[in-house]
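Below is one structure; the comments refer to it alone.
The values are calculated or read from the model by the stated rules, or taken from the named source; none is laboratory data. The structure presented is a predicted model; accordingly, all values stated were derived computationally and were not measured. No Cβ is skipped: glycine too gets one built from the backbone with ideal geometry, and neighbour counts run over all protein chains shown.
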């Protein structure tokens, strides 16, 4: 049995994989306390053969621990991969939560007919990734579109967290991402993003997989 998961700043989702389909999706609040959170995740995933998923934050190069997470501070600098492999008895593949959302949409959702996909997620925080040919694009230090400066000295994530005229900052982000990443399509996801009015631009669309994009991205990681 394979299991996938997606841990954001507010919600934790776990799904079982049967063939190429998700089954038994479970959703809970994300614990801010690491020990409780990783223990609860281990209980939810059980003892699968393989396990893949994303957690909100910036990972080290080995993808073993978070070196920064604005919304999960107590999860920073913890041996997440080691702890989860010990608890589950399984091989574990880890990524950023926005990255796996992008992989899911690029392979199974709104981007499945495109080669170069930009994915922006607006939720508890702001994240995203550039997906090329159904794989995370080559990068040196990850993708963090939420850190782009949109109203000096404030970042896109700073402005979005104010919850004031978010559509304006979404439009600014779209212009910048189009210029920097040169995608064929820009997909907007996340709990907040799915409820925003999008710019009137045919290349900007909402995520088709909704809040399960990250779980489908976990499946994409397992299929690599």
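Does residue 106 meet the test of being under 18 Å from residue 192 (Cα atoms) and out of contact with any helix residue (DSSP H, G or I) (no Cβ under 7 Å at 6 or more places or on another chain)? Considered against the rule, which asks whether it is under 18 Å from residue 192 (Cα atoms) and out of contact with any helix residue (DSSP H, G or I) (no Cβ under 7 Å at 6 or more places or on another chain), residue 106 comes out as no.
Select the strands (runs of 3 or more DSSP E) contained entirely in the stretch 124-224, then report the ones holding at least 1 residues which are closer than 20 Å to residue 114 by Cα, at pLDDT 95 or above and not assigned by TED's automatic domain parsing to the domain that holds residue 59.
Working: elements: 126-132, 149-151, 185-189, 204-206.
Once the strands (runs of 3 or more DSSP E) in the stretch 124-224 are filtered for at least 1 residues that are closer than 20 Å to residue 114 by Cα, at pLDDT 95 or above and not assigned by TED's automatic domain parsing to the domain that holds residue 59, what remains is 126-132, 185-189, 204-206.
Against the numbered list (1) within 16 Å of residue 106 (Cα to Cα); (2) surrounded by 15 or more Cβ atoms within 10 Å (Cβ to Cβ), residue 210 comes up short only at (2).
Is one or more of the residues making up the stretch 72-87 at pLDDT below 95 and touching a helix residue (DSSP H, G or I) at 6+ places or on another chain (Cβ under 8 Å)? It would help to see each step written out before you state the result.
The first filter runs over the stretch 72-87 and keeps only residues at pLDDT below 95, leaving none.
No, the conditions are met nowhere in the stretch 72-87.
If you take just the strands (runs of 3 or more DSSP E) that sit entirely in the stretch 13-118, which of them hold at least 1 residues that are touching a residue at least 24 places away in the same chain (Cβ under 8 Å) and surrounded by fewer than 21 Cβ atoms within 10 Å (Cβ to Cβ)? Explain how you work it out, then say what you get.
Numbers: elements: 21-29, 50-55, 66-68, 91-96.
It comes to 21-29, 50-55, 91-96.
Going residue by residue through the stretch 103-120, is there one that turns out to be touching a strand residue (DSSP E or B) at 6+ places or on another chain (Cβ under 9 Å) and at pLDDT below 95? No, the stretch 103-120 contains no residue that is touching a strand residue (DSSP E or B) at 6+ places or on another chain (Cβ under 9 Å) and at pLDDT below 95.
Residues in the stretch 142-155 that are under 15 Å from residue 129 (Cα atoms) and either free of Cβ contacts under 8 Å to residues at least 40 places away in the same chain or surrounded by 17 or more Cβ atoms within 10 Å (Cβ to Cβ) (or both): how many?
Residues of the stretch 142-155 under 15 Å from residue 129 (Cα atoms): 142-148.
If we keep only those that are either free of Cβ contacts under 8 Å to residues at least 40 places away in the same chain or surrounded by 17 or more Cβ atoms within 10 Å (Cβ to Cβ) (or both) as well, we get 143-148.
Residues flagged as under 15 Å from residue 129 (Cα atoms) and either free of Cβ contacts under 8 Å to residues at least 40 places away in the same chain or surrounded by 17 or more Cβ atoms within 10 Å (Cβ to Cβ) (or both) within the stretch 142-155 amount to 6.
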